Amino acid sequence: MPQELLGEGTIDKKCANEDGVLIHSDLKIGEFVQAKSNLAKIPGTVSGPYTAFSYEVTFVITYGGNITPTWKLVRFTANPSGPFLSATRTKTNYLEVTFAAPAPATTAGTPQISQDGETQHAAGLIGHAVATGIESQTQ
């Protein structure tokens, strides 16, 4: 599998739709693939068969704004420094990407991932769900 991934070349371009005020990112997926593929090529660094690997990343999106009007009348000034209206939103996202050999396509022609890849991906998702559940209990 490492040879096939390295044969694809490096990921050095940004996503085609990465424009706008909310999208400025680099999730380092290309670097992850390069590092794991190189590691798997060196004899003795990975024990056993190397048939699938996963990349997990959690990223937080925060955006907000405020309105601060100031009124200055002849005898007094109202709200010179405090915000009149303020709003913030924070959203945490989780991404798991699993790389594995392909399995035969379904009868409908849908591409499939190998059983090792399916197992590793499911384990990662279950692990994240359990961690999130435990974390929510402590808050």
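Just so it is clear, none of the values below were taken in a lab; they were calculated from the coordinates. Owing to the predicted nature of the structure, the values given are computational and were not obtained by experimental measurement. Neighbour counts run over all protein chains shown; Cβ positions are idealised from the backbone, glycine included.
Odds and ends about this structure:
- Under 20 Å from the Val57 label point (7 Å along Cα→beta-carbon), backbone N, segment 82-108: 90-100
- Nearest-0.05 FRET efficiency for Ala35 and Leu95, computed from C-beta distance (R0 25 Å): 0.90
- Theoretical gain in end-to-end length, Val74 to Thr110 [0.36 nm per residue, Cα-Cα removed]: 5.7 nm
- Ala100 sits among other residues whose Cβ lies under 10 Å from its own Cβ, and their net charge, with Lys and Arg +1 and Asp and Glu -1, is -2.
- Burial order of peptide ranges 28-35, 112-119 (average beta-carbon count within 10 Å, highest first): 112-119, 28-35
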